[in-house]
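> What follows is a single structure, and I will ask about it in a moment.
The values are calculated or read from the model by the stated rules, or taken from the named source; none is laboratory data. Just so it is clear, the structure is predicted and the values come from calculations on it, not from any experiment. Quick reminder, even Gly has a Cβ in these numbers, built from the backbone with ideal geometry, and neighbours come from all protein chains shown.
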Amino acid sequence: MAVATMQDAAADFAALTTQVRAAGLLDRRIGRYTVMIVVTLGAFAAAWAAFFVLGPSWSTLGIAALLGILSTQLGFLGHDAGHRQIFASRRANRLLGLFVGNGLIGLSFGWWVPKHNAHHAHPNEIGRDPDIDVGLIRPPGLGEPARGLRRIGAWMARRQAELFFPLMLLRSTGLYVSGAMDLARRRDRAAVTESVVLALHAALYLTAIFWVLSPLQGVAFLAVHQAVFSLYLGCSFAPNHKGMPLVDNGNGMSFASRQIATARNVTGGRLTTFCLGGLNYQIEHHLFPAIPRPSLARAQPLVRAYCVDHGFTYSEESPVGSYRQALHQLRLAADVACPCRECRPRR
């Protein structure tokens, strides 16, 4: 893109930003967030109270599933705090993020924020977006053919689409481990604070479970809680970029074109927004990460009109359609990993 064109693109996006700001969409929505925080924390506390009331019963597995759902809703609040959508103060957002992330979920907020910011800066860019090469789920264009992998790795690489949802059940484990490894490498005061909070969370969490439940029940409770949390969290983020174009080098693209081309919105009403924590407005969120979640729907008409006026494709799919596109991409990746027909799984 020529320098003049890049400058024009920047000016056009600045005009959109002015529209968004003039409409008050960047203003804090502290009232709405107060309700969301109080209701979510209240439900989380009530679920744990019900756990203690039920006592050593297999019925607590229902509570485990509910806690998995509520942990994801808490994760959405941590996501918004990481983008400074909730409070004007950076410190207040960080404290909320540490409380819900490290304290209630057990996930390192200090590790997740810079990782997520890198994703926003370079969405779907090979070698720079940390979210497009996670584990064995590798998009087309990444890595070497399967013959360079170990036998089990090659088998799994050929069946990425089939293993997509089963492997999603382990998503939380990967996040916990990555966060802990990052804290172990760091030597600053913030890392010490985070480590203490995470250790306190783990101690209270495991003590509560195995004090109330038998060992077998406790292990089952842990498995259900973390599986539901992992699946819900993974399925909330997967529709946003999976199956969208990869970028080899984003330097030749304007900020707006890069963000729009690699993101996908998910259709649906208020229920979809609630279930996906506002991530269904992924294009608006990537263009303006600081827009509070309650204002994203109001930003959509402005962003859609901007895309139409400038020839950008405004990608929007149903939840089912978005997963279909993601699975299609993974099947392409399997063919790249091992093009021989004998190795391909039957479809």
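> Just the residues that are under 26 Å from LEU54 (Cα atoms) and surrounded by fewer than 18 Cβ atoms within 10 Å (Cβ to Cβ), please, taken from segment 170-211.
LEU200, HIS201, ALA202, ALA203, LEU204, TYR205, LEU206, THR207, ALA208, PHE210, TRP211
> In addition: Under the condition of being among the small types (Gly, Ala, Ser) and over 21 Å from HIS79 (Cβ atoms), which residue from segment 249-268 is surrounded by the fewest Cβ atoms within 10 Å (Cβ to Cβ)? Spell out the reasoning first.
Step one: list which residues in segment 249-268 are among the small types (Gly, Ala, Ser), which gives 250, 252, 254, 256-257, 261, 263, 268.
Retained after the next criterion (residues that are over 21 Å from HIS79 (Cβ atoms)): 250, 252, 254, 256-257, 261.
On the way: GLY250: 21, GLY252: 11, SER254: 19, ALA256: 22, SER257: 19, ALA261: 18.
Taking the candidates together, the pick is GLY252.
> So, one more: Please specify each residue of segment 87-100 satisfying the condition of being part of a helix (DSSP H, G or I) and touching a Lys or Arg at 6+ places or on another chain (Cβ under 8 Å).
ARG90, ASN93
> Restricting to segment 278-314, what's the tally of residues that are buried (at least 20 other Cβ atoms within 10 Å of the Cβ) and closer than 23 Å to ASN117 by Cα?
The number of residues fulfilling the criteria is 18.
> Select from segment 50-70 the residues that are hydroxyl-bearing (Ser, Thr, Tyr) and not in a helix (DSSP H, G or I) and list them in ascending order. Outline the logic, then answer.
Applying the first criterion (hydroxyl-bearing (Ser, Thr, Tyr)) to segment 50-70 yields 57, 59-60.
Listed by number, the residues that qualify are SER57, SER59.
> Just to be sure, is VAL212 aliphatic (A, V, I, L, M), within 25 Å of THR17 (Cα to Cα) and more than 13 Å from the chain's Cα centre (by Cα)? Don't jump to the end; show me each part of the working.
Values: aliphatic (A, V, I, L, M): yes; within 25 Å of THR17 (Cα to Cα): no; more than 13 Å from the chain's Cα centre (by Cα): yes.
Taking the combined requirement at face value, the residue does not satisfy it.
> Regarding segment 241-248, can at least one residue be identified that is crowded, with 19+ Cβ neighbours inside 10 Å, among the hydrophobic types (A, V, I, L, M, F, W, C) and either touching a strand residue (DSSP E or B) at 6+ places or on another chain (Cβ under 6 Å) or touching a residue at least 12 places away in the same chain (Cβ under 8 Å) (or both)?
Yes, segment 241-248 contains a residue that is crowded, with 19+ Cβ neighbours inside 10 Å, among the hydrophobic types (A, V, I, L, M, F, W, C) and either touching a strand residue (DSSP E or B) at 6+ places or on another chain (Cβ under 6 Å) or touching a residue at least 12 places away in the same chain (Cβ under 8 Å) (or both).
> Considering THR60, THR18, THR34, which residue is closer than 23 Å to SER257 by Cβ and modelled with pLDDT of 95 or more?
Working: THR60 fails: closer than 23 Å to SER257 by Cβ; THR34 fails: closer than 23 Å to SER257 by Cβ.
After ruling out the rest, the residue left standing is THR18.
> Continuing with this model, one more query. Here is a list: GLY103, GLY153. Which entry is in a helix (DSSP H, G or I) and at pLDDT 95 or above?
Of the residues listed, the single one that is in a helix (DSSP H, G or I) and at pLDDT 95 or above is GLY103.
> Restricting attention to segment 229-258, and to residues there that are over 16 Å from the mean Cα position of the chain (by Cα) and assigned to a helix (DSSP H, G or I), which single residue is modelled with the lowest pLDDT?
Once the filter is applied, the top-ranked residue is GLY250.
> Could you tell me whether any residue of segment 157-164 is modelled with pLDDT under 85 and not in a helix (DSSP H, G or I)? Can you show your working first?
Going through segment 157-164, the residues modelled with pLDDT under 85 turn out to be 157-164.
Right, trim to not in a helix (DSSP H, G or I) and you get 159.
Checked segment 157-164: at least one residue is modelled with pLDDT under 85 and not in a helix (DSSP H, G or I).
> Being surrounded by 20 or more Cβ atoms within 10 Å (Cβ to Cβ) and hydrophobic (A, V, I, L, M, F, W, C) is the filter here; which residues of segment 45-65 pass it? Before you say what the answer is, go through the steps one by one.
Keep residues of segment 45-65 that are surrounded by 20 or more Cβ atoms within 10 Å (Cβ to Cβ), which gives 51, 60, 63-64.
Hits for segment 45-65 are PHE51, ILE63, ALA64.
> Let me ask something additional. Restricting to segment 171-188, count the residues that are within 18 Å of THR72 (Cα to Cα) and in contact with a helix residue (DSSP H, G or I) (Cβ under 6 Å, 6 or more places away or on another chain).
Residues meeting the conditions: 3.
> Further question on the same structure: Taking the condition within 21 Å of the chain's Cα centre (by Cα), part of a helix (DSSP H, G or I) and crowded, with 19+ Cβ neighbours inside 10 Å, does GLN226 pass? Explain how you work it out, then say what you get.
Details: within 21 Å of the chain's Cα centre (by Cα): yes; part of a helix (DSSP H, G or I): yes; crowded, with 19+ Cβ neighbours inside 10 Å: yes.
Judged against the criteria, GLN226 is a match.
> Taking the conditions exactly as written (farther than 15 Å from PRO294 by Cα and in a helix (DSSP H, G or I)), does GLY31 satisfy them or not?
So GLY31 fails the test.
> How many of the residues in segment 28-61 are in contact (Cβ under 8 Å) with a residue 60 or more places away in the chain and touching a Ser or Thr at 6+ places or on another chain (Cβ under 7 Å)?
3
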